[in-house]
1. For segment 152-198, enumerate the residues that are assigned to a loop (DSSP other than H, G, I, E, B) and in contact (Cβ under 8 Å) with a residue 40 or more places away in the chain.
2. Considering only residues that are in contact (Cβ under 8 Å) with a residue 40 or more places away in the chain and over 18 Å from residue 219 (Cβ atoms), which ones fall in segment 19-56?
3. Test residue 134 against the stated conditions and say whether it is of a type in the set (Gly, Ala, Ser), in a helix (DSSP H, G or I) and open to solvent by 50 Å² or more (accessible area, probe 1.4 Å).
4. Are any residues in segment 179-210 touching a His at 6+ places or on another chain (Cβ under 8 Å) and open to solvent by less than 30 Å² (accessible area, probe 1.4 Å), and if so, which ones?
5. Identify, by number, the condition in (1) closer than 28 Å to residue 116 by Cβ; (2) open to solvent by less than 70 Å² (accessible area, probe 1.4 Å) that residue 37 doesn't meet.
6. Within segment 53-99, restricting attention to residues that are of a type outside the set (D, E, K, R) and out of contact with any strand residue (DSSP E or B) (no Cβ under 9 Å at 6 or more places or on another chain), which residue is farthest from residue 19 (Cα to Cα)?
7. Would you list the strands (runs of 3 or more DSSP E) that sit entirely within segment 43-130 and hold 3 or more residues that are over 18 Å from residue 10 (Cα atoms) and open to solvent by 70 Å² or more (accessible area, probe 1.4 Å)?
8. Could you say which residue among 149, 161 is open to solvent by 30 Å² or more (accessible area, probe 1.4 Å), in contact with a Gly (Cβ under 8 Å, 6 or more places away or on another chain) and over 30 Å from residue 80 (Cα atoms)?
Amino acid sequence: MNDTTVTIRLGVEELVYLLTTLGIKTLPGLGQNPVEGLTEDQAQRALAAGANSLRARGWLELSTDGNESRARLDPVVVALLGTCATAAQLLFIGRRPAAGPTSPYYVYLGPHLIVIHSSLSPGVHEFAGSVSPAEVLATLADRLHLSDQPAPAATDIFIAQTDLEAAVAAALSQEVERAVVVLANSGVANDASLPLIQTFQSMQATTTITLLRQTDGRVSSSADESFSLLEGAAGFWLVRPVAGGEDTLLRVTPISAAAGQQQLAQFLP
């Protein structure tokens, strides 16, 4: 924690209690309502466990006024979750390493606070809030391995999405000739396809970044507000749609890590 950021970690029961008390059904990063499917007894036990844990951490004070119970929550916790529930825009960032599951991040772009929500491990949710877009960018760049890598020595290509997926699958299966044929049939010259195939073969991660809009608990997106990053041993490639239709046309561009950060910064306040 410093002057511009604060980070908290919450267990499932704590989150259930907080969302229930604040009148928040769920958050995009949680999927369905976390108490959905629980019996009344199970839900009450989860609420009680969450309340006890929050009290022990000093984030909740319970009192009674006559027959009425009152709950006083830590204002920082309320600000973090309130931003997640009310932000009109948020980013979904999914980084999928070559070996391992996807790491999803939800970045809520509130008017006064930006909150990064991630799940560090099953049952543990981290909420990191900052008033500094530059600091948020630095945090995301670190998580996406965007440091100081130069752009690969290559040129832009245009390719249909299905062809790109077929070329990636062939390269990952070490079927280089088939990957070259797929790219060639898409109009990509051999000298332009080889650097890209080398990236496929050394793929370290694929990251998708999408700007979402949140209205009354519903989330929507637009294809022209999304891009992907292919991370290989020689650097990054930016993948963006340039035309829709039955098979989306993509522009695949070699970029430096600094340029990748600039692409991400365009979505931040």
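The values are calculated or read from the model by the stated rules, or taken from the named source; none is laboratory data. Please read all numbers here as calculations on a predicted model, not as lab measurements. Every residue, glycine among them, receives a Cβ derived from its backbone with ideal geometry; neighbour counts consider all protein chains shown. In case anyone asks, the SASA skips ligands and DNA or RNA and just uses the protein heavy atoms, side chains included. Shrake-Rupley method; radii C 1.70, N 1.55, O 1.52, S 1.80 Å.
1. Within segment 152-198, the subset assigned to a loop (DSSP other than H, G, I, E, B) is 152-156, 173-175, 186-189.
152, 153, 154, 155, 156, listed by residue number.
2. Scanning segment 19-56 gives 21, 22, 53, 54.
3. Values: of a type in the set (Gly, Ala, Ser): yes; in a helix (DSSP H, G or I): yes; open to solvent by 50 Å² or more (accessible area, probe 1.4 Å): yes.
Criteria met by residue 134.
4. Here is the first cut: in segment 179-210, the ones touching a His at 6+ places or on another chain (Cβ under 8 Å) are 204-205.
Across segment 179-210, the qualifying residue is only 205.
5. Single failed check for residue 37: (2).
6. Within segment 53-99, the first condition is being of a type outside the set (D, E, K, R), and the residues that meet it are 53-54, 56, 58-60, 62-64, 66-67, 69, 71, 73, 75-94, 97-99.
If we keep only those that are out of contact with any strand residue (DSSP E or B) (no Cβ under 9 Å at 6 or more places or on another chain) as well, we get 56, 58, 66-67, 75, 78, 82, 99.
Details: 56: 18, 58: 17, 66: 25, 67: 23, 75: 14, 78: 10, 82: 9, 99: 34 Å.
My answer is 99.
7. Values: elements: 60-65, 68-73, 89-97, 103-109, 114-121, 124-130.
In segment 43-130, the matching strands (runs of 3 or more DSSP E) lie at 60-65, 68-73.
8. Working: 161 fails: in contact with a Gly (Cβ under 8 Å, 6 or more places away or on another chain).
One residue alone meets the criteria, 149.
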